[in-house]
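*Asks:* Pasting a structure here, questions to come.
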Amino acid sequence: MFLTPTKKQYFGITPEGKLVHTTLTGMKSNQPTYFGKVTRKLIDREFQESANPLDAVLSYVRSAFAQLKDEDLEELSFSKEATKALYEYKNNGIEGGRSTMKS
């Protein structure tokens, strides 16, 4: 089992061999597609059952970072749907460094 510092986020393999996980941050729909691909690969059984899972995960994360420069910008972009006309937002929806738009 792998526990994250974020409350209620984990993944692991049960004694019966079933892969279980919560929706990790990188897999959420408001994250770029590339993050979801990387996160899904990290929780894959291949890493959890490898002889040295930590080395396998670190190697994969390093390669994922190295591949960022070759990724399509669409895969790396965030998107939000505005709930009202853009001119109705103050400071383009950003106040105090945090977005006030709802996704």
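The values are calculated or read from the model by the stated rules, or taken from the named source; none is laboratory data. Fair warning: this is a prediction, and the values are worked out from it, not measured in the lab. Backbone-built Cβ (ideal geometry, glycine too); neighbour counts: all protein chains shown.
*Asks:* Please give the helices (runs of 4 or more DSSP H) falling wholly within segment 1-68 in which 1 or more residues are in contact with a Pro (Cβ under 8 Å, 6 or more places away or on another chain) and more than 25 Å from Lys80 (Cα to Cα).
*Replies:* 45-48
*Asks:* Let me ask something else about it. Quickly run through segment 12-29 and pick out the residues that are under 25 Å from Ser79 (Cα atoms), touching a strand residue (DSSP E or B) at 6+ places or on another chain (Cβ under 8 Å) and either without any contact (Cβ under 8 Å) to a residue 12 or more places away in the chain or among the β-branched types (Val, Ile, Thr) (or both).
*Replies:* Correct list: Thr22 only.
*Asks:* While we're looking at this one, here's another question. So, of the residues in segment 17-29 that are under 15 Å from the mean Cα position of the chain (by Cα) and closer than 18 Å to Val57 by Cα, which turns out to be surrounded by the most Cβ atoms within 10 Å (Cβ to Cβ)?
*Replies:* Across segment 17-29, the extreme among qualifying residues is Leu24.
*Asks:* Could you please give the count of residues in segment 1-16 that are modelled with pLDDT of 75 or more and surrounded by fewer than 13 Cβ atoms within 10 Å (Cβ to Cβ)?
*Replies:* So the count comes out to 4.
*Asks:* Restricting segment 30-78 to residues that are exposed (fewer than 12 other Cβ atoms within 10 Å of the Cβ) and touching a residue at least 40 places away in the same chain (Cβ under 8 Å), which is farthest from Lys7 (Cα to Cα)?
*Replies:* For segment 30-78, the residue satisfying everything is Glu74.
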